[in-house]
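Where a number appears in this text, it was derived from the coordinates with a stated rule and is not lab data. Quantities reported herein were computed from a predicted structural model and do not represent experimental measurements. Cβ: placed from backbone, ideal geometry, glycine included. Neighbour counts: every protein chain shown.
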Amino acid sequence: MISRSDHLSDRTRSLIKLCNDRLADAVDLQLQCKHAFWNTTAIDLRKLFDEVNNSVDLYADRIAERVVEIGGVANSTERVVPTWSNLLCAPDALCRNHASTLATTLGLFAELARRAIDTSNEFSDITSADMFTEIAHGLDKWHRTLVAV
């Protein structure tokens, strides 16, 4: 039996992997937003962390939808736990300065999104490049907001 992925070009498989890698990062970032939310008692910070989480949820959905549009299967579950250690240093996970920790993670994810823009452009995938551009701008906005806290 020939699987669906056997019919995909190397270019498309690379784009699917790129999107799934960023999807895993987005899901990881959502978990980190919830971690900050759960471990904060200040109402204004909890509200801010929840707003960031809602935005990241939209980014994850956009990336997952793009994976399917280009012929793949949206899959972040196999990478979420290993990604946690890449985006958030273990000592930071237990700190009380959640705004700063989350700002750092948002900055890292924004950089990964910018790299995804470059890779998408290299593969002449303007749709993915545009999507990652919008996501990077949103991440940068939240990063600036949290740095100011």
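For residue 60, what charge total do you get from the other residues with a beta carbon under 12 Å from its beta carbon, if Lys and Arg give +1 and Asp and Glu give -1?
-2
Using the alpha-carbon centroid of each, what span in Å lies between segment 12-34 and segment 35-51?
Measuring centre to centre over Cα atoms gives 23 Å.
Between residue 43 and residue 11, with labels modelled 7 Å along Cα→Cβ, what's the label distance in nm to one decimal, could you check?
Once both label points are built, they end up 5.5 nm from each other.
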